[in-house]
Amino acid sequence: MATTTLGPATGVSRRSWVMDWLTTVDHKKIGVLYIVNSFLFFFAAGILALVIRSELAVPGMQFLDHDTFDQAFTMHGTIMLFLFIIPVLSGFANFIVPLQLGAPDMAFPRINALSFWLLPLGGLLIFSGYLFGGAAAEGWTSYVPLSNRSPGVGTDLWLIGLTLVGTASILGAVNFITTIFKMRAPGMTLFRMPIFVWTVLVTAVLILLATPVLTAGLIALFIDRNYGGSFFDPSVGGNPILWQHLFWFFGHPEVYIVILPAMGVVSEVLPAFSRKPLFGYKAFVFATIGIGLLSFSVWAHHMFTTGAIFLPYFAFMTALIGIPTGVKMFNWLGTLWRGKLTFSAAMLFALGFISMFLIGGINGVMVAIPPVDFHLHDTYFVVAHLHYVFFGGSVFAVFAATYYWFPKMFGRKLNEPLGKIHFWIHFIGFNLAFFPMHELGLLGMPRRIADYDPNAGWTLLNSLSTVGAFMIAVSIIPFLVNIIATFINGEPAGDNPWDGTTLEWATTSPPPPYNFDRLPPIHSERPLFYLAHGDDHNPDGSDLDAEQAGGAA
Amino acid sequence: MTTQAVPAVQAPAEQEANRQSGMPTVMVGMLLFIASEVMFFGGLFATYFNARAHAAPGTWGPPEGAHHLDLGLAIALTVILVSSSITMQFGIWAIRRGNTGKLKLWTALTLILGVAFLLGQLYDYSQLGFGISDGVFGTVFYTLTGFHGAHVFGGAVGLTIILARTMRGQFSARNHTAVEAVSIYWHFVDVVWIGVFSTIYLLR
């Protein structure tokens, strides 16, 4: 049954430029669409972040009312997580994974296009609440009993939009797993796959198994709100805690859904700019699988204070996740150790990821201890923690990926001095915005409040945080200038500007629609290194040999 | 790199050979999709057991004054749906031998049984006398059976497409992955019903 093709037609197309992008099933164009769409939502949610920080800069209600403020932080969290971080990493995976596998496209190109187009639809539905009397305002976790009683259609649109976005993720996950198992080039065994592909594989499994549970929860909440259901209404036998279970059964794997591909990006960038292979490839792979397995056993650590769960089990399992994560820290440090380091913009963002994610890991272990969490639950300490993981972790990796793979995507290198300016303003602004939140949390400032007492002693730290937030916004200016200037007059990149060793660097920049004219022999996870330098099995780096004739396992 | 120097297009051809080995790509995709569906129904079953665990002793069931669940009708529906899985499998065995006539027959029969199941379920809904808003039992009952019914409907749409494609002679002993994919989905929907039926009707 021919529902899949090897690749898009390579003949001359008579379609217009716009129709070409609207109807494309090429994984590279879909990847670019994902990334552009995600960055548009990033800017929208970023503006909301500035609105929130401006309101909180000093005590008193500045220019928002409480309801508008609630909508702002709800939309900020929802859009950043579901329409920026997850899809932007999917976008890079879409572009890069088939190239790194030596494949001509994804396994299901048309389903790939569907997964993408559901995203802007879902995102606009979520945002459209603003047009119909107010967007959802219950926080990105949308806890009941707030969310099953709130008036207005904002929350209903939020539920429908997220269901669509979740469906897009599930279809994407099916596509990635099938691609990785069925589309690898001859010689590309599982343990020769680039680390980024491994992290995308484990991420896709998490999406596949966790997201449907959220979908079930979203549907249950929709039924409660619109059809008189009572899943979460205790007055007729429902249970409000059930929502938290359904949400976090997805919500915690979701944390790894956004961090694992980011770790994969960093594990591609560090070796390239250290001139060394990744230290401990297999340890990294097994640590990734370990994090994936453990992620399904820790969801209730978000619910310590409900009193409805068994604390020692969830505290213990959560602490266990520190072990494979620590393994990865040593993978990265071992890669840097005695490497020949080049501090390019991509490398700076990767190093920023390691240091910021380390802080996010340490303050995460702190709130994983139930007695500490009872003190810090729902304070700004938690806000600091999640931003160090999501922003200091994933978003730094997104920028590392942008500087690293932009030359492959568009054939031109981004300007390095502008990239470094971007990094330093971004890095300092990030820490100025979010480090004071640790202290605010310890001082007892609750999250999601629009105003606070001038005598609470929180004013200076809040003002600093607001200055940091605006620094982050300023750092985006050199980034955008860089992108535009590079499209106008960027330095041509050539096929392999960073001397990379994985297969995406073996084809032209940008790659042709069918990706590869010819593949180099694949004897290891670094085929281009051995092509250039030879190895014991294949000293002259010559063409396909008997080993490859056997095909991929 | 210099890999562009040789303009051979052998790589995609080799890759095609690689993809042909093992399970067909479409089947891998369908099995993964079914895995996600298992988790979806897992979430819905979780709502059922959660509500049931929180109910006061002796109060679990349809609301006061409503008719009791029709066990006889549910057993009849179960027999219909399980039979449809068997007829589907006869269709698969037929097309594996290249017998498109038998495939047409068995697929049509499967489709009729599936539609009969849906009509029976609608009749059941009309007779029950309580609704989705009548307490938590009504909510979980209609959500579980309703989403299962929606999946039966989706499977019936798939069967209709298979039937149409069979009539156009698009399947053969070698080329019938779509039939295999729809059949495995149909079996999955059947297994979910056995779970729903045992949970709601038998687990008293």
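Couple of notes before you dig in:
- Note that the range B:37-160 carries a Kirkwood radius of 16.3 Å, evaluated over its alpha carbons pair by pair.
- Of every Cα-Cα pair in the range B:129-204, the percent that sits beyond 16 Å: 60 percent
- Take each residue of peptide B:122-132, count the partner chain Cβ atoms within 10 Å of its Cβ, and average: the result is 1.
- Along the range A:43-57 the Karplus relation, 6.51 cos²θ - 1.76 cosθ + 1.60 evaluated at θ = phi - 60°, assigns HN-Hα couplings of 5, 4, 5, x, 4, 4, 4, 5, 4, 4, 5, 5, 5, 8, 4 Hz to successive residues, with x for each Gly and Pro.
- Put simply, the amide H of residue A:412, placed in the peptide plane, has neighbours under 5 Å in A:493, leaving out anything fewer than 5 places away on its chain.
- Net charge, residue B:68 excluded, C-beta distance under 13 Å - Lys, Arg +1, Asp, Glu -1: -2
- Stretching residue A:488 away from residue A:286 to a fully extended chain increases their span by 68.4 nm, per 0.36 nm per residue minus the current alpha-carbon distance.
- Ordering B:54, A:301, B:68 from the fewest to the most neighbouring beta carbons within 10 Å gives B:68, B:54, A:301.
- Computed over the range A:30-519, relative contact order equals 17 percent, with contacts defined as Cα pairs under 8 Å that lie 6+ residues apart.
- When the Cα positions of A:255, A:283, A:57 are compared along the charge dipole of chain A, A:283 comes out farthest toward the positive end, with charges on each C-beta of Lys, Arg, Asp and Glu.
- Total lysine pairs in chain A at Cα distances under 15 Å, for residues eight or more apart or on different chains: 4.
- The mean number of Cβ atoms from other chains found within 10 Å of a Cβ in peptide A:242-253 is 2, as a whole number.
- Once backbone amide H atoms are built at 1.01 Å from N, residue B:132 has no partners under 5 Å, excluding neighbours fewer than 5 places away on the same chain.
- Stokes-Einstein D in µm²/s, Kirkwood radius over Cα pairs - the range A:30-519 at 25 °C with 0.890 mPa s viscosity: 107 µm²/s
- Taking amide H as placed 1.01 Å from N in the peptide plane, residue A:379 has its amide H under 5 Å from the amide H of A:447, each at least 5 places away in sequence or on another chain.
- Of the residues B:30, B:65, B:178, the one whose Cα sits farthest toward the positive end of the charge dipole of chain B, with +1 on the Cβ of Lys and Arg and -1 on the Cβ of Asp and Glu, is B:178.
- Distance from the Cα centroid of the range A:70-119 to that of the range A:441-505 is 21 Å (rounded to whole angstrom).
- Stokes-Einstein D (µm²/s) once Rh is taken as the Kirkwood radius of the range A:25-70 over alpha-carbon pairs, at 20 °C in 1.002 mPa s: 168 µm²/s
- Sorting the segments B:114-123, A:25-34, B:80-89, A:395-404 by their residues' average number of neighbouring beta-carbon atoms within 10 angstrom, most packed first, yields A:395-404, A:25-34, B:80-89, B:114-123.
- Comparing Cα centroids, the range B:74-126 and the range A:196-225 end up 31 angstrom apart.
- Per-residue [θ]222 nm for chain A (sum of -39500 (n - 2.57) over DSSP H runs n ≥ 4, rounded to 500): -21500 deg cm²/dmol
- The range A:210-364 shape via C-alpha gyration tensor axes, a/c threshold 1.5: prolate
- Placing +1 on the Cβ of every Lys and Arg and -1 on the Cβ of every Asp and Glu, with no other charges, gives the protein assembly as shown a dipole of roughly 1420 debye about its Cα centre.
Rule-based calculations on the coordinates, nothing more; no lab input. Remember, it's a predicted structure, so these values are computed and weren't measured experimentally. Here the Cβ is made from the backbone with ideal geometry for all residues, glycine too, and neighbour counts use every protein chain on show.
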